[in-house]
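Enquirer: What follows is a structure written as structure tokens; I'll ask about it next.
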Amino acid sequence: MTFNPVAALNVIECKNIISTNDPKAVDLGSQTSSINDIFVKNLVDNNKTINSIQKKNLINLSNSQSFTTEDYFNSVGFKEYKSIDINGAYNSLQFDLNKNISETYSYNEKYDLVINNGTGEHVFNQYALFLNFHNLTKLNGIMLNILPFIDWINHGFYNFNPIFFADLAASNNYEIIKISLANRDGAELKLNNENLSILFEQIKPNRNDSKFEKMIDIAKTKLGRNILLVVITRKLSDNMFKIPLQGKYLNDVINFKTDYNLQESGSATAANQIADNNKRIN
């Protein structure tokens, strides 16, 4: 897995959301770093959200001959950085994310930021992956997913749809702070309130009036062929992880409504939450 510019930019965004002093972060997947001194210098010059301490640390980082993903996290204000990967590379904790790491390895640490950057699509057991993601996150902690969305053919086992994260959030009481489209080089298409409803549109065969497909065509022009889905969420309760049921089928399985913890369609909840956050930002 690669810690790339889009991950670096979103880590800063997440860090600025976290109110905890000396926060801790963990990556699902060991991360080689594709960012360099030129990227960091441009970040310092052009990113208006970094504070004076981050700026000083990043300038020092850019002046070093080489640096790791952990060095970057430390520079933007994380006290501790860990990664988890079956390969054990880059000092990662050598755990298999196809398994419940709490039960299998007795690992119960909690983090202020948990990142799933280009790892989830390579893990076959999606239940175990998102169970671990949930359990690793502190109450009120932030979760960052950066995963393949459009194209990325045969890159991994899976690509991810926006509705997946909407219903995952609805089932587990996550606040969705942001959903955007991006490429790995850091270009990002942040969605306005109108586009949020389009993002959850179902594409049916032989349909020629899809606003979603038109939006994706625009995204491909700006971002290129392979598009990533970026999702930032906040964990609002420390309940046990619940498997989501696709919200649009809620009324078909009313007898199981309590089991799946669904009160309404996840897409409706997500659209409202992101719209509220957009208002606060703007």
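No lab work stands behind these numbers, since they all come straight from the coordinates. Every value quoted in this text rests on a predicted model; they were computed, and no experiment measured them. Glycine gets a Cβ as well: all are built from the backbone with ideal geometry, and neighbour counts include every protein chain shown.
Enquirer: Can you flag which of LYS82/LYS235; LYS220/LYS248; LYS190/LYS220; LYS15/LYS190; LYS15/LYS41 are past 23 Å Cα-Cα?
Expert: Pairs exceeding the cut-off: LYS220/LYS248.
Enquirer: If you add up the charges near LYS24, with Lys and Arg at +1 and Asp and Glu at -1, over every other residue whose beta carbon is less than 13 angstrom from its beta carbon, what do you get?
Expert: Around LYS24, the surrounding residues sum to -1.
Enquirer: Give the residues of region 132-147 whose amide nitrogen is closer than 18 Å to a point set 7 Å from the Cα of ASP22 in the direction of its Cβ.
Expert: 138
Enquirer: Continuing with this model, one more query. Can you give the local net charge around ILE50? Use residues other than it whose beta-carbon is closer than 14 angstrom to its beta-carbon, Lys and Arg +1, Asp and Glu -1.
Expert: Neighbour charge sum, excluding ILE50 itself: +3.
Enquirer: Starting from the Cα of LYS222, draw a straight line to each of the aspartates and glutamates and keep only those under 19 Å, dropping any in the same chain fewer than 8 residues away.
Expert: Partners within reach: ASP151, ASP185, GLU188, GLU194, GLU213.
Enquirer: While we're here: Quick one: work out Rg over Rh on the C-alpha atoms of region 10-153, Rh as Kirkwood radius.
Expert: 0.98
Enquirer: Could you check what % of the DSSP bridge pairs in the chain are antiparallel, to the nearest 5?
Expert: Here the antiparallel bridges make up roughly 55 percent for the chain.
Enquirer: Can you grab the distance from the C-alpha centre of region 162-225 to the C-alpha centre of region 11-41, Å, no decimals?
Expert: That distance is 24 Å.
Enquirer: Let me ask something else about it. Going by how many other Cβ atoms sit within 10 Å of their own, how do PHE124, PHE39 line up, fewest first?
Expert: PHE124, PHE39
Enquirer: Using the crude model of +1 on Lys and Arg Cβ and -1 on Asp and Glu Cβ, and no other charge, please compute the dipole size for the chain relative to its Cα centre, in debye to 20.
Expert: Here the size comes out at about 540 debye.
Enquirer: Something else about it: Got a sec? Charge dipole of the chain, +1 on Cβ for Lys and Arg, -1 for Asp and Glu; which of MET240, MET1, ILE163 is way out at the positive end?
Expert: The residue sitting farthest along the positive end of the dipole is ILE163.
Enquirer: As I understand it, the value is the acute angle between the Cα axis of helix 126-136 and the longest principal axis of the Cα atoms of the chain; what does it come to in degrees, rounded to 10?
Expert: Approximately 50 degrees, to the nearest 10.
Enquirer: With Cβ to Cβ distances under 10 Å as the rule, what net charge do the other residues near ASP151 carry (K, R +1; D, E -1)?
Expert: Residues close to ASP151 contribute a combined charge of +2.
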